[in-house]
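To start, the structure under review is shown below, and the notes come after it.
The values are calculated or read from the model by the stated rules, or taken from the named source; none is laboratory data. The structure displayed is predicted, hence computed values, not measured ones. These area figures cover heavy atoms from the full protein model, side chains too; ligands, DNA and RNA do not enter into them. Shrake-Rupley method; radii C 1.70, N 1.55, O 1.52, S 1.80 Å.
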Amino acid sequence: MTISSCVQNTSATGKFNKAKNSSREEVNGEIISQTGNVTVLKVWGTHKERGYAYGYLLGDKIREVYEGYIGYVFKPYIAKAKKAIKSNQLLKIEQDYLDECKAIIEGMDAAGFNTKNFDYLDLLVANSFLDLRAIMGSDAEPNGCSSLMAWGEATNNEELGGKSIITRNLDWSVSTKLIKNNIVLIHIPSEVDEQPWLSIGYIGHCGALSGTNQSGLSVF
């Protein structure tokens, strides 16, 4: 599967009028669709611009996932985890991703979502809690998930046209906050050393639990 087909399919919807925030500033993102429990979001530009658009357009759902799942499951370790991330000793997070998470919070603020007591460190905890739990010895529920990919003869029909299809199964939890907030997030970076990619996961996640890039490299 290549991301180019996804980009072409979404552009065909004609829904790329750029959002505007309350200050009439351009927001580099568009909610392509929200069907059932799956949101398809496209963001473009720099890490900061993409992060800002993510927070601006889906900030309410980011909070919902954090408060309804991450903050609940990881609650006894939140303060320690934030301290660990801020110290940059246990985990090394590149500046681009620090800037992106900070921009998500800025986008949430600009859209009028209440981000009181919720900052970029909370967002980073939400994105690295699996690593942090192992490092810090958390006794939270075990996590596991699986993905399935089909291609070739398995998808050789009129509907799929022989393309590679990726599915992700959230096996570790029955949390309604996760189940109803799935996302396909399409990134179109403006940085010359990056390429378009998409991820499949839950809203608020900034990396790739499952995903693929324009070159066809996929992670599960």
Using the Karplus curve 6.51 cos²θ - 1.76 cosθ + 1.60 with θ = phi - 60°, work out ³J(HN,Hα) for each residue of segment 149-159 in order, rounded to whole Hz, and write x for Gly and Pro. 10, 10, 7, x, 4, 5, 10, 7, 9, 5, 6
Residue by residue, what Karplus-based ³J(HN,Hα) values in Hz, rounded to whole numbers, does segment 26-33 have, using 6.51, -1.76 and 1.60 with θ = phi - 60° and x for Gly and Pro? 6, 10, 7, x, 8, 7, 6, 7
Evaluated at 10 °C and 1.306 mPa s, the Stokes-Einstein D of segment 45-118 based on the Kirkwood radius over Cα pairs, in µm²/s, stands at 122 µm²/s
Using a 1.4 Å probe on heavy atoms of the protein chains only, the accessible area for Ser146 in Å², nearest 10, reads 40 Å²
